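Colleague: Below you'll find the structure I mean.
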Amino acid sequence: MRVGFIGLGNMGGPLAGFVLKAGFSLVVHDIRREAAASLLERGAAWAESSRDVAATCDVICVCVPGPPEMQAVTLGAGGVLEGVKPGAVVIDHTTNAPAVVRDVGVALNARGAHLLDAPLDGGREGALEGQLTLFVGGDEAVLRRVKPVLDTFSKSVVWVGALGAGSITKIVHNALAM
């Protein structure tokens with residue numbers, strides 16, 4: 001399974017590192033190439049765009065700040081949708097709006113690909129330790145197929161229902177935590 005990782009910031013960078021350490025072939029992209037430097041030194045491959053990540057990977061993890069960035073990376077010019085292969089699985093780790101997740105899911109399904117929304121819980125510390133909890137929405141069979149990737153950086157992967165349910169669960173969790 002070739003894994004792509006888009007978004008290598010405070011959360012995405014450490015997570016991509018765990019994927020690479022677990023032995024997966026890894027392709028990375030970020031708006032700042034320097035964010036990928038340590039991963040490239042350890043054997044990851046660079047892609048010039050999100051489209052290029054999607055064109056070469058079976059699993060594409062997206063870890064960006066919010067809904068506008070996730071929409072741009074997936075549906076925008078040079079985005080995942082332009083390169084995604086049939087059967088590929090895109091995993092959105094953004095704390096996202098359920099409607100955005102569903103819209104992106106419809107677009108990916110039209111190309112024969114799948115989307116899971118799997119927002120992260122555990123903060124930067126959990127990311128650095130590979131001990132995050134993921135609330136995952138989407139097709140449970142698709143989740144089972146990509147779970148080995150998610151297990152590299154999480155202590156718990158919880159399927160919570162249909163696409164968008166991961167985002168709803170994370171929003172409720174954040175509200176309760178406040």
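Colleague: State whether the range 84-178 is rounded, prolate or oblate according to the following rule on the C-alpha gyration tensor (a ≥ b ≥ c being the square roots of its eigenvalues): a/c under 1.5 gives rounded; otherwise a/b larger than b/c gives prolate, and the remaining case gives oblate. Could the numbers behind the result be given before it?
Modeller: Details: a/c = 2.15, a/b = 1.36, b/c = 1.57.
Oblate shape, in that a/c is at least 1.5 and b/c is the bigger or equal ratio.
Colleague: Where the only charges are on Cβ atoms (+1 Lys, Arg; -1 Asp, Glu), what is the dipole of the chain about its Cα centre, to the nearest 20 debye?
Modeller: That gives the chain a dipole magnitude of about 240 debye.
Colleague: Taking the DSSP beta bridges in the range 34-178 as the whole, what percent of them are antiparallel, to the nearest 5?
Modeller: Values: 3 of 17 bridges.
Antiparallel: roughly 20 percent of the beta bridges in the range 34-178.
Colleague: Considering only protein heavy atoms and a probe of 1.4 Å, how much of the accessible area of the range 1-135 is carbon and sulfur, as a whole percent?
Modeller: 53 percent
Colleague: Nothing charged except the Cβ atoms of Lys and Arg (+1) and of Asp and Glu (-1): what's the magnitude of the dipole of the range 135-176 about its Cα centre? Round to the nearest 20 debye. Spell out each step's value before the answer.
Modeller: Numbers: 5 positive and 3 negative charges, 19 e Å.
I would put it at about 100 debye.
Colleague: The range 1-102: which GluC sites (Glu not before Pro) are DSSP loop and have at most 14 other beta-carbon atoms within 10 angstrom?
Modeller: Details: sites: 34, 41, 48, 69, 82; in loops: 48.
The qualifying sites are 48.
Colleague: Using the Cβ atoms and a cut-off under 9 Å, what net charge is assigned to the surroundings of residue 135, where Lys and Arg are +1 and Asp and Glu are -1? Kindly include the intermediate steps, with their values, before the conclusion.
Modeller: Working: positive: 170; negative: 117, 121.
Local net charge: -1.
Colleague: Mind listing the long-range amide H neighbours of residue 60? Cut-off is under 5 Å, sequence gap 5 or more, other chains count too, H placed in the peptide plane at 1.01 Å from N.
Modeller: 4, 89, 90, 91
Colleague: Along the charge dipole of the chain, Cβ charges K/R +1 and D/E -1, which of 113, 7, 72 sits furthest on the positive end?
Modeller: Farthest towards the positive end: 113.
Colleague: Give the residue list of trypsin sites (Lys or Arg not before Pro) in the range 1-64 that are DSSP loop and have at most 12 other beta-carbon atoms within 10 angstrom.
Modeller: Numbers: sites: 2, 21, 32, 33, 42, 51; in loops: 32, 42.
Sites meeting the loop and neighbour criteria: 32, 42.
Colleague: Check the straight Cα-Cα distances from residue 170 and name the lysines below 21 Å, setting aside those fewer than 8 residues away within the same chain.
Modeller: Reachable lysines: 147, 155.
Colleague: Oh, and also: Once fully extended, how much extra length lies between residue 133 and residue 171, figured as 0.36 nm per residue of separation less the alpha-carbon to alpha-carbon distance? Write out the running numbers ahead of the final one.
Modeller: Working: separation 38, 0.36 × 38 = 13.68 nm, distance 1.39 nm.
My answer for the length gained is 12.3 nm.
Colleague: Can you pull the three principal axis extents for the Cα set of the range 54-126, in Å, largest first?
Modeller: In descending order, the Cα extents are 34, 22, 18 Å.
Colleague: So, one more: With a sphere of radius 11 Å drawn around the Cβ of residue 50, what net charge do the other residues whose Cβ falls strictly inside it have (Lys, Arg +1; Asp, Glu -1)?
Modeller: -4
Colleague: Note down the Stokes-Einstein diffusion coefficient of the range 1-80 in µm²/s, whole number, using a Kirkwood radius over alpha carbon pairs, 20 °C, and 1.002 mPa s.
Modeller: Numbers: Rh = 12.1 Å.
For these conditions, the coefficient is 177 µm²/s.
Colleague: With a ≥ b ≥ c the root eigenvalues of the C-alpha gyration tensor of the range 1-150, is it rounded (a/c under 1.5), prolate (a/b larger than b/c) or oblate? Each step should come with its number before you reach the end.
Modeller: Numbers: a/c = 1.37, a/b = 1.18, b/c = 1.16.
Rounded, because the longest to shortest axis ratio a/c is under 1.5.
The values are calculated or read from the model by the stated rules, or taken from the named source; none is laboratory data. Because the structure is a prediction, the values reported are computed rather than measured. In this analysis, Cβ positions are derived from the backbone assuming ideal geometry, glycine residues included, and neighbour counts consider all displayed protein chains. All accessible areas refer to the heavy atoms of the entire protein, side chains included, with ligands and DNA or RNA removed. Shrake-Rupley method; radii C 1.70, N 1.55, O 1.52, S 1.80 Å.
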